[in-house]
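K.L.:
Structure below; questions to follow.
The values are calculated or read from the model by the stated rules, or taken from the named source; none is laboratory data. This one's a predicted model, so the numbers in the text were calculated from it and none came from an experiment. Areas reflect the complete protein model, heavy atoms only, side chains present, ligands, DNA and RNA absent. Shrake-Rupley method; radii C 1.70, N 1.55, O 1.52, S 1.80 Å.
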Amino acid sequence: MNVQDMLKRHGLKKTPTRTMVLDVFHDTDHALAIADLENELGSNVDRVTLYRTMSSFEEKGLIHKVHDDEGKLKYSLCSHACSEDTHHDNHLHFHCRNCNKTICIERVPVPNVEGLNGYEIHDVYMVANGVCKACKAEA
Ligand SMILES: [Zn+2]
Ligand SMILES: [Zn+2]
Ligand SMILES: [Zn+2]
């Protein structure tokens with residue numbers, strides 16, 4: 001799906017910043033921190049617009065937050081199943097301790113932890129740490 005269709009599908013107008021940010025996500029296979037996007041986009045985009053873009057993307061079901069062992073907030077593109085207010089991103093994230101890249105492992109769902117008596121659960125994160133394929137190949 002091209003960037004314009006993706007924005008349209010999620011009820012967002014096409015703007016230069018939105019297009020650039022989505023392009024960066026499309027060209028990468030791992031999660032991105034705001035700082036990574038800033039490096040990538042340089043002076044093409046200002047910080048406030050970037051933050052606003054990220055929050056509307058998250059709200060509309062285009063990207064999801066990725067928590068990894070690094071403690072730095074990253075974002076990844078959602079699968080097509082996500083839409084406004086309904087994210088389906090409860091999957092394992094793999095974090096490489098060598099290159100610090102974090103990758104969505106969509107085929108490994110996070111276990112359902114609903115119904116723990118008396119505990120109110122807001123978020124569940126599952127992270128696997130190790131060495132990614134690319135780093136292993138270089139070793
Ligand atoms: Zn999502
Ligand atoms: Zn790696
Ligand atoms: Zn993910």
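K.L.:
Just to be sure I follow: if Rg is taken over the C-alpha atoms of the range 3-138 and Rh is the Kirkwood radius over the same atoms, what is Rg/Rh?
P.N.:
Looking at the range 3-138, the ratio lands at 0.99.
K.L.:
Rounded to whole Hz and in sequence order, give me ³J(HN,Hα) for the range 25-37 from the Karplus expression 6.51 cos²θ - 1.76 cosθ + 1.60, θ = phi - 60°, writing x for Gly and Pro.
P.N.:
4, 5, 7, 10, 10, 10, 5, 10, 8, 3, 4, 5, 5
K.L.:
Tell me which residues come under 5 Å, amide H to amide H, from residue 92 once H is placed; ignore anything under 5 positions away on its chain.
P.N.:
Distant-sequence amide H within range of residue 92: 105, 108, 110.
K.L.:
Work out how much length residue 46 to residue 135 would gain on full extension: take 0.36 nm times their residue separation and subtract the Cα-Cα distance, in nm to one decimal. Show your work: numbers first, answer last.
P.N.:
Details: separation 89, 0.36 × 89 = 32.04 nm, distance 3.29 nm.
Extending this stretch completely gives an extra 28.8 nm.
K.L.:
What part of the accessible area of the range 65-109, given as a whole %, is carbon or sulfur when the probe is 1.4 angstrom? The partial results should precede the final answer.
P.N.:
Details: 1190 of 2620 Å².
Reported share for carbon and sulfur atoms: 46 percent.
K.L.:
Something else about it: Over the range 3-138, give the accessible area per residue in Å² for a 1.4 Å probe, as an integer. All intermediate terms of the calculation are to be shown ahead of the outcome.
P.N.:
Working: 8530 Å² over 136 residues.
Here the residues of the range 3-138 average 63 Å² of exposed surface.
K.L.:
Once the mean 1/r over all distinct Cα pairs of the range 98-137 is inverted, what Kirkwood radius in angstroms do you read off? Walk me through the intermediate numbers first.
P.N.:
Details: mean 1/r = 0.0772 Å⁻¹.
With all distinct Cα pairs of the range 98-137 included, I get 13.0 Å.
K.L.:
Let me ask another. Taking the Cα centre of each part, how many Å lie between the range 119-134 and the range 55-72?
P.N.:
Distance between centres, Cα-based: 13 Å.
K.L.:
Which shape class applies to the range 24-99: rounded if a/c is under 1.5, otherwise prolate when a/b exceeds b/c and oblate if not, where a ≥ b ≥ c are the square roots of the Cα gyration tensor eigenvalues?
P.N.:
Numbers: a/c = 1.86, a/b = 1.08, b/c = 1.73.
Since a/c reaches 1.5 but b/c is at least a/b, the shape of the range 24-99 is classed as oblate.
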